[in-house]
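Below is one structure, written out as structure tokens, with a few remarks after it.
The values are calculated or read from the model by the stated rules, or taken from the named source; none is laboratory data. Everything quoted here is computed from the prediction, not taken from an experiment. Quick reminder, even Gly has a Cβ in these numbers, built from the backbone with ideal geometry, and neighbours come from all protein chains shown. Surface areas here come from the heavy atoms of the whole protein model, side chains and all, with no ligands, DNA or RNA. Shrake-Rupley method; radii C 1.70, N 1.55, O 1.52, S 1.80 Å.
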Amino acid sequence: VSAFLAESFPTGSAGVGSDVRIYTPTLAAGKGWGDFDVQSTLSYSMPDHDEKKLGHQTGWNTALQYHLARHYWPEIEYNQIRYTYGPHDGQTQGVVTAGIVTKWPLQNRLAAVFGVGYQQPVTSFHTYNHAVTATARLAF
């Protein structure tokens, strides 16, 4: 079980980017049984201003992974966002992602992690329709 706080900094220029910082506290938990594991997070985004324009989002994510081979984990994942305030107030969006994650040791506990997936909306409300996702990070 872990807790963390993310902060998104404003980027871009006037009319192109956003001038709002967004703070997102998150609670994460996971459990493994042999080659199978479950990971889940619960988060809440809070913009520092412009709440009527951006709103708040409560995010919930659960991933099921199976350690198929030394470096590969196929996964199925459910992501849900509940919107409050803002233009999507009261709406809930859910997507299912099928994907694969790979992890490669670099040095000691440091590892490179890469993943790719395909998202499919499963709720009638969605802000996008189908997407390919990719991730790259360093784990330690």
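Given [x] 43, 29, 27; [y] 44, 40, 24; [z] 47, 35, 28, which label gives Cα extents along the principal axes in Å as computed from the coordinates? Checked against the structure: label [z]. For the chain, the relative contact order is 14 percent, taking Cα pairs closer than 8 Å that sit 6 or more residues apart in sequence and dividing their mean separation by the residue count.
What would the Debye equation give as log₁₀ I(q)/I(0) for segment 1-50 at q = 0.20, 0.23, 0.26, 0.30 Å⁻¹, counting only Cα atoms as equal point scatterers? The Cα Debye sum returns log10 ratios of -0.73, -0.83, -0.93, -1.05. Every helix of 4 or more DSSP H residues in the chain counts as -39500 (n - 2.57), and over all residues that averages to -500 deg cm²/dmol at 222 nm.
Solvent exposure of the chain amounts to 66 Å² per residue of accessible area, where only protein heavy atoms count and the probe is 1.4 Å. Segment T11..F140, full-extension length gain: 43.6 nm, with 0.36 nm per residue of separation and the alpha-carbon distance subtracted.
Using the Kirkwood radius built from alpha carbon pairs, what does the Stokes-Einstein equation give as D for segment 61-140 at 10 °C and 1.306 mPa s, in µm² per second? It comes out at roughly 112 µm²/s.
Partner aspartates and glutamates whose Cα lies under 17 Å from the Cα of K53, excluding those fewer than 8 positions away in the same chain, are identified as D19, D89. The distance linking segment 1-75 with segment 91-140 is 11 Å (Cα centroid to Cα centroid, whole angstrom). Between F114 and H56, what is the label-point separation in nm under the 7 Å Cα-to-beta-carbon projection? Taking the simple label geometry, H56 and F114 are separated by 3.9 nm. Here the accessible area is traced with a 1.4 Å probe on the protein chains. For the chain, carbon and sulfur cover 60 percent of it.
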